[in-house]
Amino acid sequence: MTDAQSQSKHITHWIGGKPFDGEAARRGDVYEPATGRVAGHVDFASAAEVDAAVAAAKAAFPGWRDASLSKRTSVLFRFRELVAAHRDELARLISSEHGKVVSDAAGEVARGLEVVEFACGVPHLLKGGFSENVSTRVDAYSILQPLGVVAGITPFNFPAMVPMWMFPVAIACGNTFVLKPSEKDPSASVRIAELWAEAGLPDGVFNVVHGDKAAVDGLLHHPDVKAVSFVGSTPIAKYIYGTAAANGKRVQALGGAKNHMLVLPDADLDLAADAAVSAGFGSAGERCMAISVVVAVDPVGDELMAKIRERVAGLKVGPGDDPEAEMGPLVTRAHRDKVASYLDSGVAQGATLAIDGRGTPVLGGAGDGFWLGPTVLDHVTPEMDAYKDEIFGPVLAVVRAGSYDEAMELISANPYGNGTAIFTNDGGAARRFQNEVEVGMVGINVPIPVPMAYYSFGGWKDSLFGDSHAHGMEGVHFYTRTKAVTARWLDPSHGGVNLGFPTNG
């Protein structure tokens with residue numbers, strides 16, 4: 001890409017089935033993380049653009065709500081095929097703006113497609129209940145109906161997958177959707193909108209507005225937005241939940257994480273070391289399901305650390321489009337600098353910097369990219385900032401514990417409750433762990449326990465605000481409301497007027 005080409009990229013909103021054709025009062029830079037260059041610019045929505053997107057969704061709602069389930073599923077199936085056909089294109093687009101390697105980005109799209117496939121079964125998912133003759137010649141039944149216009153506010157780390165946790169289910173259930181993706185890597189959302197249009201989705205059913213807090217607040221306060229889904233940091237999740245709920249909206253707000261991996265003395269340490277490195281440094285640690293803390297139960301800590309060190313030494317860091325690269329850069333320079341600051345603060349607070357990623361060689365040269373290699377802080381304790389904070393980068397903390405009970409107390413006391421894992425060959429210990437741990441998603445010898453699409457994704461405690469997790473049946477329930485109907489079809493011999501209180505007979 002030449003310098004001139006890199007400056008020419010312009011990403012705008014998608015409203016009412018087409019790109020926004022107005023002039024934006026504000027724009028943001030979109031970077032190429034591997035080089036540090038500005039790759040283009042994205043329009044930031046004002047209240048007027050948010051209102052236009054919501055108005056388009058509101059206008060499209062009656063027709064889409066009344067579309068048959070067969071019509072909805074036919075569009076969903078076509079969309080699924082188009083996304084699958086363009087998976088490599090989407091992966092390259094994600095990699096260029098986020099920094100993750102192309103193979104990781106392709107995996108992200110594939111996991112998002114699983115939710116699309118789940119949503120293709122919406123005729124079964126929307127079955128209500130029916131009871132005949134609840135009273136004499138009276139039937140009762142329940143039906144699931146869409147809410148109306150719903151919104152999704154999504155993070156930079158999964159610009160395709162996280163939105164696909166939301167909009168396939170919402171749209172399949174008959175709602176219309178306004179997506180506010182991260183302004184750091186916005187292009188994938190617009191390409192997805194184009195694929196929806198090609199699949200035959202009516203104009204206005206899926207809309208995209210870009211921007212910052214102004215766009216978010218426009219959605220949170222808009223009276224025509226009935227529900228808001230969010231994935232991001234815990235402070236913002238709390239804000240989203242409180243603001244949207246105060247405005248009468250249904251809310252699911254998924255927050256941050258500090259995912260612990262417990263390694264018991266009987267575990268296969270080679271398997272555990274592979275898992276810790278894979279789950280800690282994949283996508284440069286910019287995953288809400290990344291393993292950020294390894295809790296090694298005595299006496300395996302030193303041996304496990306040696307195996308982790310051996311594996312990290314063989315990792316290749318480089319640009320996302322380099323087929324040899326296993327880990328790319330971080331998403332922005334400011335984020336890279338913040339993540340790197342935990343190395344100094346960790347040492348100052350008593351941790352051992354076992355592996356310093358600041359000097360990691362980069363394939364093709366680091367240039368001015370946002371690089372930080374795999375980093376390990378050993379002998380971390382709970383009072384350290386590197387333990388307490390969600391770092392969201394390639395920094396793995398290793399905590400030593402004297403027993404299973406000590407480790408369990410540590411994990412369950414953490415304010416986050418998103419994901420956790422245990423590595424052991426003891427079935428009884430694993431069974432006890434899954435029963436006792438106060439975390440929403442649990443892996444047993446599986447480091448990243450992201451559930452399949454027909455289950456629901458979400459944590460506990462400060463990792464979730466609201467009552468519903470994403471996708472699966474909880475997603476269907478979030479995007480629908482139940483209507484109960486009681487019906488009597490009178491025969492010619494009905495008994496006339498009766499002013500008494502109705503009772504079941």
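The values are calculated or read from the model by the stated rules, or taken from the named source; none is laboratory data. Predicted model, so just to flag it, every value in this text is computed and none were measured. Cβ placement follows ideal geometry from the backbone for every residue including glycine, while neighbour counts extend to all protein chains displayed. Protein only, heavy atoms only, side chains kept; ligands, DNA and RNA dropped before computing areas. Shrake-Rupley method; radii C 1.70, N 1.55, O 1.52, S 1.80 Å.
List of remarks:
- Per the conditions (1) part of a loop (DSSP other than H, G, I, E, B); (2) open to solvent by 10 Å² or more (accessible area, probe 1.4 Å); (3) in contact with a helix residue (DSSP H, G or I) (Cβ under 9 Å, 6 or more places away or on another chain), the sole criterion not satisfied by G204 is (2).
- Single condition H13 does not satisfy, out of (1) over 25 Å from the mean Cα position of the chain (by Cα); (2) of a type outside the set (V, I, T); (3) more than 29 Å from G367 (Cβ to Cβ): (1)
- All told, A215 meets the bar of being under 23 Å from the mean Cα position of the chain (by Cα), touching a residue at least 60 places away in the same chain (Cβ under 8 Å) and part of a helix (DSSP H, G or I).
Residue by residue, here is whether (1) in contact with a Ser or Thr (Cβ under 7 Å, 6 or more places away or on another chain); (2) in contact (Cβ under 8 Å) with a residue 60 or more places away in the chain; (3) buried (at least 23 other Cβ atoms within 10 Å of the Cβ) holds:
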site: A244; (1), (2), (3): no, no, yes
site: L264; (1), (2), (3): yes, yes, no
site: L269; (1), (2), (3): no, no, no
site: S278; (1), (2), (3): no, yes, no
site: A284; (1), (2), (3): no, yes, yes
site: A290; (1), (2), (3): no, yes, yes
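- Among strands (runs of 3 or more DSSP E) entirely within the range 1-72, having at least 3 residues that are in contact with a strand residue (DSSP E or B) (Cβ under 6 Å, 6 or more places away or on another chain) and in contact (Cβ under 8 Å) with a residue 40 or more places away in the chain singles out 26-32, 37-44.
Table: residues versus (1) more than 30 Å from E183 (Cβ to Cβ); (2) part of a loop (DSSP other than H, G, I, E, B).
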position: D274; (1), (2): yes, no
position: R287; (1), (2): no, yes
position: V295; (1), (2): yes, no
position: D337; (1), (2): no, no
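- Scanning the range 23-55 for residues that are small (G, A, S) and open to solvent by less than 20 Å² (accessible area, probe 1.4 Å) turns up G28, G36, A39, G40, A45, A53.
- Helices (runs of 4 or more DSSP H) wholly inside the range 397-505 containing at least 3 residues that are buried (at least 18 other Cβ atoms within 10 Å of the Cβ) and at pLDDT 95 or above: 404-413, 472-478
- Residue list for the range 114-135, filter: open to solvent by less than 10 Å² (accessible area, probe 1.4 Å) and either over 22 Å from R481 (Cα atoms) or out of contact with any His (no Cβ under 9 Å at 6 or more places or on another chain) (or both): V116, V122
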